[in-house]
Structures are given as C-alpha cells and as structure tokens.
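Undergrad: Here it is: the structure, laid out below.
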Amino acid sequence: MLTWSTAVPAVGAAFGASVVEVVEAFTIVLAVGTVYGWRPAIIGSSAALVTLAAMIVALGGLLGAVPIHLLQFVIGVLLLLFGMRWLHKAILRAAGVVPLRDEQSAYADKTDQLSELSRQARPARVAWIAGLAAYKGVLLEGIEVAFIVIAVGAGRGLLWPAALGAFAACLLVLGIGALIHRPLARVPENTLKFAVGVMLSSFGMFWTGEGLGVEWPGNDAALLVFALLFAAVGLGIAGGIRGRREQVRP
Amino acid sequence: MRSLVAILRELLGLFVGDAGLAVGILAIVAAVALLIRTATLVPLHGGYLLVVALVALLATTVVRAARR
C-alpha cells in the first residue's frame, strides 16, 4: 500500500538526485551545443535517452521475476554504496575539505576540452566526436537517475511516483536552462547531494535490513529515524572538521 | 572501445568512491547477514548492529579522508 512516509522520501530523493544529475548533463550538452552546434548535441542526447529507455524496459521486466526479499537486499546494498558515497563527499565538501562543484568552471573546462578535440580531429570526425560527447554525458548522468528511481521505487511499488519526481526535475532544469541558456550555477548542488545522500542511505539501511528479515520498529517510520541519524551525524562531523580547520588556520 | 571502457569505469565509480567506505559497507553487511543466518543474532538485533556499524563507518572514513 502506498503510504506518505515512504512515498514522500522516495519522490523527494528521486527529484533531488535528478536535479543534480540533469544540471550536470545540461552543462555537458550546452558545452557541446555551443562548441559544435546543436545538431550533434541533440542527436547524441536523443540517442542516449533511447538507450536509457531500452535499459529501463529490459531491467523493469527482470525486476518482476526477482523474489522481493532478494530484490530489497540487493537494492538496499547498492543504495548503501551509492548513497553513503554521496553523503561522504557532501560532508567533505560542507567541511571545506573538498572544493564545491562549480558549474561555470565545469562548463569552461568542457568547452576548452571540446575545442581542443575539434582542432585535432579531421572535419568529418568532428560531428561524431560531438555527438558521442553528448551521448556519453547524458547516458552516464541518466543511468544515475534511472538507478535512483528504480532503487527507491522498486522495493515498495513506488516506481511511478519516483519516476514522476525525476521527470518533474528534468522539466524544471531543462525549462530553466532553455530560458537562461547558461550553466545552472546557482543550484545548491552540495545541499541537494547531502539531502539525497541522507535519504538514499536511509532507504539502503531500511531495505538491506528488510532483506535480511529485520522487522524495523515503527515500520516505515524507521526511515525517518535513519534519515535524522544520518543527517545529524553528517552535519556534526562537517561542523567539527570545519571548526578544527579554522582553529588550525593562521 | 575506449569510450566503452570509460563508461564502464564511470559506472563502477557510481558505487565506489572511497575504497575503504565501499569495502567497509560490504564487510558490515556480510558480517550482519552471517550473524543472522547462523542465528547468532535475532534479526532485530542484527538490524541495530547494521545501523550502529554503518554510521560509525561513515564517521570514521570521513574523518580519515579529512586528515589526508
């Protein structure tokens, strides 16, 4: 049965993660479009979306055949690996150990890299390189979105709500991107990554436990407890490290 | 071919960033699974162990990475 306590975190995680990933994919496609023109950028992106759709359809068919406890366990472990990696990095960024991602500088790096490639390549190959760059960028970021949607949705029949969350994020980012025609540098990417890392790690903990036969006290409410625990620990460590670095600094 | 290898490497990178964190997660899950399967722990206590161990692992790996 669909409950708010699982649907809201699932949709929220899918939406937040998708905003982060679509912003990164948009930066790559914008760089390709600016350097090489919009035709290869659009063809490459469209081919990546078709590949992604094929992967999701193929994987979706397989998911139905896997026993639910095994599915929850495997997805739970993958979510722990994926979510705790995001949270780990977001804590280090919040603490000032790792620099924050800068979409403007990522865009500048990508355009420089593509311009250099187009100078070195034969003219006939330039369109191919451009299309491939857009394809690879959209496919890799898209796979992350697809994984998150399947991971937070598959264990509890929440695939459609999670997919809608991701779709809303795509529409929002692409709509704003089409309007301003610049990299979306003002998106609070690390805050989103921290929040999504907390949610994905909580889902991972919950489903890994359920896959091992744990009946969590309070059922779905345990998700909220895990999220609060991860958030408190993450913020506490980030604050502690930042404070110590400020004391050490002359 | 090089693009395919790059894509596969980036896919692996989705799950493995800090090697200590990834190996630690897998080791903790495997240990808790073993303790539950051999009936050394009741599932609920295994769940509590999972929570405490994973949160401690996150804290340890972040602090260690910050010191590097």
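Every number here is computed from the coordinates shown, using simple stated rules; none is lab data. Keep in mind that this is a model prediction, so the values were computed, not measured. Neighbour counts are summed over all protein chains in view; Cβ atoms, including those assigned to glycine, are modelled from backbone coordinates with ideal geometry.
Undergrad: P(r) tail for the protein assembly as shown, what percent of Cα pairs lie past 37 Å? Don't skip to the answer; put the middle values down first.
TA: Values: 9928 of 50403 pairs.
In whole percent, the share of Cα-Cα pairs in the protein assembly as shown beyond 37 Å is 20.
Undergrad: Mind sorting A:Glu116, A:Glu21 by how few other Cβ atoms lie within 10 Å of their own Cβ, fewest first?
TA: Details: A:Glu116 11, A:Glu21 25.
The order, fewest Cβ neighbours first, is A:Glu116, A:Glu21.
Undergrad: Enter the angle in degrees (range 0 to 90, nearest 10) between the Cα long axis of helix A:123-154 and the first principal axis of the Cα atoms of chain A, meaning the one along which they spread out most.
TA: Between the helix axis and the principal axis of chain A, the angle is about 10 degrees.
Undergrad: Another question, if that's okay. Can you give me the angle between helix A:159-180 and the longest principal axis of chain A, using Cα atoms only, in degrees from 0 to 90, rounded to the nearest 10?
TA: So the helix axis and the longest Cα principal axis differ by about 30 degrees.
Undergrad: What residue among B:Gly46, B:Val23, B:Leu4 has its Cα farthest toward the positive end of the dipole of chain B, where the charges are +1 on Lys, Arg and -1 on Asp, Glu, each on the Cβ?
TA: B:Leu4
Undergrad: Separate question: When a/c is below 1.5 the answer is rounded, else prolate if a/b is larger than b/c, else oblate, so apply that to chain B with a ≥ b ≥ c taken from the square roots of the Cα gyration tensor eigenvalues.
TA: On the way: a/c = 4.21, a/b = 1.68, b/c = 2.50.
Oblate, because a/c is 1.5 or more while a/b does not exceed b/c.
Undergrad: If you don't mind, another one. For A:Gln113 and A:Ile176, calculate 0.36 nm times their separation in residues minus their Cα-Cα distance, and state this gained length in nm to one decimal.
TA: On the way: separation 63, 0.36 × 63 = 22.68 nm, distance 2.52 nm.
Full extension from A:Gln113 to A:Ile176 adds 20.2 nm.
Undergrad: Mind checking the mean number of beta-carbon atoms from other chains within 10 Å of the Cβ atoms in A:207-215? Kindly include the intermediate steps, with their values, before the conclusion.
TA: Working: counts 0, 8, 10, 2, 2, 10, 8, 11, 3.
Mean shielding by partner chains, rounded to a whole number: 6.
Undergrad: Now for a separate question. Please report, to two decimal places, log10 I(q)/I(0) for the stretch A:129-168 at q = 0.18, 0.20, 0.32 Å⁻¹ as given by the Debye formula with identical point scatterers on the Cα atoms and no solvent.
TA: Rounded to two decimals, the profile gives -0.53, -0.59, -0.96.
Undergrad: Between B:Thr60 and B:Leu12, take the C-beta separation as r, use R0 = 22 Å, and let me know the FRET efficiency to the nearest 0.05. Could the numbers behind the result be given before it?
TA: Working: r = 23 Å, r/R0 = 1.05.
My answer for the efficiency is 0.45.
Undergrad: Could you tell me which of A:Ala232, A:Gly137, A:Thr34 has its Cα farthest along the dipole of the protein assembly as shown towards the positive end, charges placed at Cβ (Lys, Arg +1; Asp, Glu -1), taken about the Cα centre?
TA: Value: A:Thr34.
Undergrad: Over the stretch A:82-230, what is the relative contact order in percent, taking alpha-carbon pairs closer than 8 angstrom and at least six residues apart? Walk me through the numbers on the way to the answer.
TA: Working: 88 pairs, mean separation 58.9, N = 149.
Here the relative contact order equals 40 percent.
Undergrad: Next question. Give me the dipole magnitude in Debye, nearest 20, for chain B about the Cα centre, with unit charges on the beta carbon: positive for Lys and Arg, negative for Asp and Glu. Can you show the working numbers first?
TA: Numbers: 6 positive and 2 negative charges, 41 e Å.
Dipole size: approximately 200 debye.
Undergrad: Also: Quick one: check the C-alpha center-to-center distance for the stretch A:63-116 versus the stretch B:24-39, whole angstrom.
TA: With the stretch A:63-116 and the stretch B:24-39 each reduced to a Cα centre, they are spaced 25 Å.
Undergrad: Separate question: Net charge around A:Gly197, counting only other residues with Cβ within less than 9 Å of its Cβ (Lys, Arg = +1; Asp, Glu = -1)?
TA: Values: positive: A:Arg85, A:Lys89, A:Lys193; negative: none.
Computed value for this residue: +3.
Undergrad: Per residue of A:220-231, how many C-beta atoms from partner chains lie within 10 Å of its own C-beta, taken as a mean?
TA: Details: counts 0, 0, 2, 0, 0, 1, 3, 0, 0, 4, 4, 0.
What the average comes to for A:220-231 is 1.
Undergrad: Return one number: the angle in degrees, 0 to 90 and rounded to the nearest 10, between the long axis of the Cα atoms of helix A:68-94 and the longest principal axis of the Cα atoms of chain A.
TA: 60 degrees
Undergrad: Within a 10 angstrom radius of the beta carbon, how do A:Val57, A:Val8 rank from fewest other beta carbons to most? The partial results should precede the final answer.
TA: Details: A:Val57 9, A:Val8 15.
If I rank by nearby Cβ atoms, fewest first, I get A:Val57, A:Val8.
Undergrad: To continue, here is another question. Multiply the residue gap between A:Trp160 and A:Val98 by 0.36 nm, knock off their C-alpha separation, and tell me the result in nm, one decimal place. Numbers along the way, then the final one.
TA: Working: separation 62, 0.36 × 62 = 22.32 nm, distance 3.54 nm.
Between A:Trp160 and A:Val98, full extension yields an extra 18.8 nm.
Undergrad: Charges at C-beta only: +1 for Lys and Arg, -1 for Asp and Glu. How large is the resulting dipole of the protein assembly as shown about its Cα centre, in Debye rounded to 20? Show your work: numbers first, answer last.
TA: Details: 24 positive and 16 negative charges, 176 e Å.
Roughly 840 debye, rounded to the nearest 20.
Undergrad: While we're on this one: Suppose only helical runs count, i.e. DSSP H with n ≥ 4. What mean residue ellipticity at 222 nm does that imply for chain A under -39500 (n - 2.57) per run, divided by all residues and rounded to the nearest 500 deg cm²/dmol?
TA: The helix contribution divided over chain A gives -30000 deg cm²/dmol.
Undergrad: Another question, if that's okay. Counting Lys and Arg as +1 and Asp and Glu as -1, each charge on the Cβ, what is the dipole of the stretch A:1-131 about the Cα centre in debye, to the nearest 20? Don't skip to the end; give the middle numbers.
TA: Details: 9 positive and 7 negative charges, 47 e Å.
Once rounded to the nearest 20, the dipole reads 220 debye.
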